[in-house]
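What follows is a single structure, written as structure tokens, with notes after it.
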Amino acid sequence: MHFRPKEGNRERWEIFIDDEKWRDVHRSIFGRHPSLPPISDEKELQSIFDAYEYRRVKGNVLWRLSTQTYHSEQLVKLLRDRLVQSHTIDRVIRKYREMGALDDEAWLQSFMQTQKQRYSFRHILNKLRTKGLSAETISHLSEEWKNPEEELEALQHLMRTRYRSKDLNDYKVRQKVMASLARKGYSFDQIQHVFKSIL
């Protein structure tokens, strides 16, 4: 068994057994100089690979968690993108949940608290979607978190703070502020409602 750099893709290794390709693996998981333990029986290959991959992935995830917090679904997406087997992903995620290093509810609450004063609810959900959270989780959060009154209050807070020095009576300034708020995910109706209350 040996590793070869994948032609045309510097991020991957190809594993060959007797000059026959077995599978691709990702360099960010297996490193610059990967090597598997000696294999005496081809039947042992999968179990030896599984154990080796688990150790590598566990170390990779620990390093990531030491630099920032993650939602477990973020890590699942990240590891899938790096060709990690599903059963290895499940084992590693379960391990770090049991250790208390992954707390999805606490992560979501913290994320929401830091984002809701700056962005619309719709924009926050889009951010979570790009971070890798599943459609099922997004749908659940949409039902749980949706609060039109709170969102209008957040928009009014933005107007009193970030945009307080803007002359909204000036048409060009008003259009720029509206465009900025729209990029934050606020709807035209929400923006118009708040403008009417302060003009």
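The values are calculated or read from the model by the stated rules, or taken from the named source; none is laboratory data. On a predicted model such as this, the values are computed, not experimentally measured, just so you know. For neighbour counting, all protein chains shown are included, and Cβ atoms are generated from backbone atoms with ideal geometry for every residue, glycine included. Heads up: the accessible areas ignore ligands, DNA and RNA and are worked out on the full protein's heavy atoms, side chains in. Shrake-Rupley method; radii C 1.70, N 1.55, O 1.52, S 1.80 Å.
Give me the net charge of K166's neighbourhood, meaning all other residues with Cβ under 14 Å from the Cβ of K166; Lys, Arg count +1, Asp, Glu -1. Display every interim value, and only then the final one.
Working: positive: R160, R162, R164, K172, R174, K176; negative: D167, D170.
Neighbour charge sum, excluding K166 itself: +4.
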Assigned charges on the beta-carbon of Lys, Arg, Asp, Glu; segment 73-199 dipole about Cα centre (debye):
740 debye
Could you let me know the centre-to-centre spacing of segment 91-118 and segment 1-63, using Cα atoms, in angstrom?
30 Å
Please give me the summed charge of the neighbours of Q156: other residues whose Cβ is under 15 Å from its Cβ, Lys and Arg +1, Asp and Glu -1.
+3
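With a 1.4 Å probe and all protein chains left in place, how much of the accessible area of the chain comes from carbon and sulfur atoms, in whole percent? The partial results should precede the final answer.
Values: 5770 of 12530 Å².
Carbon and sulfur: 46 percent of the exposed surface of the chain.
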A 26 angstrom limit on the alpha carbon distance is what I want to check against. Which of K127/K176; K58/K146; K58/K131; K131/K184; K95/K131; K6/K58 exceed it?
K58/K146
Might you tell me the accessible area per residue for segment 52-190, computed with a 1.4 Å probe and given in Å²?
60 Å²
Out of L45, Q113, N169 - ranked by how far each Cα lies towards the positive end of the dipole of the chain, with unit charges on the beta-carbon of charged residues - the top one is N169
May I ask you to compute the full-extension gain from K166 to F16, defined as 0.36 nm times their residue separation minus their alpha-carbon distance, rounded to one decimal in nm?
47.6 nm
Using a cut-off of 15 Å between beta-carbons, work out the net charge of the residues near S120 (Lys and Arg +1, Asp and Glu -1, S120 not included).
+4
Accessible surface ranking that places the most exposed of R56, R160, R82 first, with a 1.4 angstrom probe
R160, R56, R82
